[in-house]
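A.B. asks: If you scroll down you'll find the structure; I have some questions about it.
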Amino acid sequence: MSSIDSEQALLKLKEGNERFVSKKCIHPNQSAERQAEVVKGQHPFAAILGCSDSRVPPEILFDQGVGDLFIIRVAGNILSEEILGTIEYAAEHLGIPLVLVLGHQKCGAVQAAVRGGEVPGKIQRLVEALQPALAKAKSLSGDLVENTVRANVERVVDLLKKSNPIMTELIHAGKIKVVGGYYSLETGRVTVL
């Protein structure tokens, strides 16, 4: 169980991202002592559902270390039953107080969904999962890809908040908070949506 609440967890992420943006990372919890400590068990303070994109590594952009974050990465930061089960595990068994759904600038999965047409193999499943966000983004002014990224984050946050019974019960009990974020590849900054 984490020893901090959701607001403190979000503040730790924001402070870590500020260190990353300002190039003043402290690389916490990356020592041999920390490695030995986490052998006994894990107590991450946040779960992050992020994209698999190699340019968006959560531990680095939030300046965190071993055992600090419970990371789930999948192209387009989409939500499937398996991913939901993974988040529920972090919430129920690890007691994490915060889930951050993290989208990012120039997401390739979102670009594929926006382009449309046929895509090979199981990539089609990713594109299909992004269709509700794309449909919403088409009604907005501005860049369709970036609007779809944000709409997808909002959709996944909403789905998590409505997931019965585990997530809804923990949210109503004030034990967990679910928020969305957007990462700028250009600046390195994460904005909470």
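A.B. asks: Please note which strands (runs of 3 or more DSSP E) are completely contained in the stretch 92-193 and include at least 3 residues that are touching a Leu at 6+ places or on another chain (Cβ under 7 Å) and surrounded by fewer than 18 Cβ atoms within 10 Å (Cβ to Cβ).
C.D. replies: none
A.B. asks: Here is a list: 137, 90. Which entry is touching a Pro at 6+ places or on another chain (Cβ under 9 Å) and either under 14 Å from residue 53 (Cα atoms) or hydrophobic (A, V, I, L, M, F, W, C) (or both)?
C.D. replies: 90
A.B. asks: Contact list please: Cβ distance under 7 Å, first residue in the stretch 1-30 and free of Cβ contacts under 8 Å to residues at least 12 places away in the same chain and closer than 13 Å to residue 63 by Cβ, second residue of a type in the set (A, V, I, L, M) and loosely packed, with under 14 Cβ neighbours inside 10 Å, pairs at least six apart or on different chains.
C.D. replies: Hits for this filter: zero, empty list.
A.B. asks: Could you grab me the full set of residues in the stretch 15-30 that are in a helix (DSSP H, G or I) and surrounded by 14 or more Cβ atoms within 10 Å (Cβ to Cβ)?
C.D. replies: Start the filter on the stretch 15-30 by keeping residues that are in a helix (DSSP H, G or I), which leaves 15-21.
Correct list: 16, 17, 18, 19, 20, 21.
A.B. asks: Also, quick follow-up: Of everything in the stretch 31-69, what is of a type in the set (A, V, I, L, M, F, W, C) and open to solvent by less than 30 Å² (accessible area, probe 1.4 Å)? Give them in sequence order.
C.D. replies: 45, 46, 47, 48, 49, 51, 56, 61, 62, 69
The values are calculated or read from the model by the stated rules, or taken from the named source; none is laboratory data. Quick caveat: nothing in here was measured; it's all calculated off a predicted structure. Don't worry about glycine lacking a Cβ; one is built from the backbone with ideal geometry, like all the others, and counts go over all protein chains shown. Side chains included, ligands, DNA and RNA excluded: accessible areas come from the protein's heavy atoms. Shrake-Rupley method; radii C 1.70, N 1.55, O 1.52, S 1.80 Å.
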